[in-house]
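Chemist: Before I ask anything, let me first share the structure, which is written out below as structure tokens.
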Amino acid sequence: MTDLRPLIRLHRQRVEERQRKLNDLLGLRDQLQDRVTALDSALAAEQAVADGLPDAALHLVAFARETQRRRSRVEQSIADAERWIAAAEVEIAEAFQELKRYELAHEDRCRREAEARRRQETALFDETALVLHRRRTSGEA
């Protein structure tokens, strides 16, 4: 029978690779959410400045429009990242199931091999005991 340990190692690496990909995507989503927060803060700061200056109101409208346009693009990117995260989670689950399949097969194979060795040892001990018993009984007769 072939050794399953190399396959287990390969699939473990695949799971880890997919987990790293997921972590990268989660980091990207967090950066994008931070960008939305920064845009909101910038708009609030501009509004505070515009409240004190009547001429700044015209510029505030253009700034608010541009900020909203940027925010919409970032929110679309967040939605894309969420879809990628969901797909990455599915890939991790599939890779983990494949890894578990090989690990369970390896454990089962090891258990069967150990049981076969135990049966062979028991048969050997039984045969040895039978030979000793025959010697003793033939010597007594």
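The values are calculated or read from the model by the stated rules, or taken from the named source; none is laboratory data. Quick caveat, the model's predicted, so the values are computed rather than measured. Positions of Cβ are generated from backbone atoms using ideal geometry, with glycine treated the same way; all protein chains shown enter the neighbour counts.
Chemist: Take GLU94 and decide whether it is surrounded by 14 or more Cβ atoms within 10 Å (Cβ to Cβ) and under 30 Å from GLN13 (Cα atoms).
Modeler: Criteria not met by GLU94.
Chemist: Please find, within segment 1-40, the residue that is surrounded by the fewest Cβ atoms within 10 Å (Cβ to Cβ) out of those that are of a type in the set (Val, Ile, Thr) and modelled with pLDDT under 95.
Modeler: Among residues in segment 1-40 that are of a type in the set (Val, Ile, Thr) and modelled with pLDDT under 95, the one surrounded by the fewest Cβ atoms within 10 Å (Cβ to Cβ) is THR2.
Chemist: Looking for something within 30 Å of GLY27 (Cβ to Cβ) and in contact with a helix residue (DSSP H, G or I) (Cβ under 8 Å, 6 or more places away or on another chain) - is there at least one such residue anywhere in segment 105-116?
Modeler: no
Chemist: Given the structure, is GLU82 touching a residue at least 60 places away in the same chain (Cβ under 8 Å), on the phi < 0 side of the Ramachandran plot and assigned to a helix (DSSP H, G or I)?
Modeler: Against the criterion (touching a residue at least 60 places away in the same chain (Cβ under 8 Å), on the phi < 0 side of the Ramachandran plot and assigned to a helix (DSSP H, G or I)), GLU82 does not qualify.
Chemist: Is it true that THR128 is hydroxyl-bearing (Ser, Thr, Tyr) and either in contact with a helix residue (DSSP H, G or I) (Cβ under 6 Å, 6 or more places away or on another chain) or surrounded by 10 or more Cβ atoms within 10 Å (Cβ to Cβ) (or both)?
Modeler: Numbers: hydroxyl-bearing (Ser, Thr, Tyr): yes; either in contact with a helix residue (DSSP H, G or I) (Cβ under 6 Å, 6 or more places away or on another chain) or surrounded by 10 or more Cβ atoms within 10 Å (Cβ to Cβ) (or both): yes.
So THR128 fits the description; yes.
Chemist: Of all residues being loosely packed, with under 14 Cβ neighbours inside 10 Å and among the hydroxyl-bearing types (Ser, Thr, Tyr) in segment 41-88, which is nearest to LEU22 (Cα to Cα)? Just the residue, please.
Modeler: Filtering first and then ranking leaves SER72.
Chemist: When you go through ALA86, ALA81 one by one, which is the residue that is under 20 Å from the mean Cα position of the chain (by Cα), over 19 Å from VAL15 (Cα atoms), modelled with pLDDT of 95 or more and not charged (D, E, K, R)?
Modeler: Numbers: ALA86 fails: over 19 Å from VAL15 (Cα atoms).
Exactly one residue qualifies, and that residue is ALA81.
Chemist: Just one of ARG18, ARG5, ARG12, ARG35 is farther than 18 Å from ALA88 by Cα and touching a residue at least 60 places away in the same chain (Cβ under 8 Å); which is it?
Modeler: Going through ARG18, ARG5, ARG12, ARG35 in turn, just one is farther than 18 Å from ALA88 by Cα and touching a residue at least 60 places away in the same chain (Cβ under 8 Å): ARG5.
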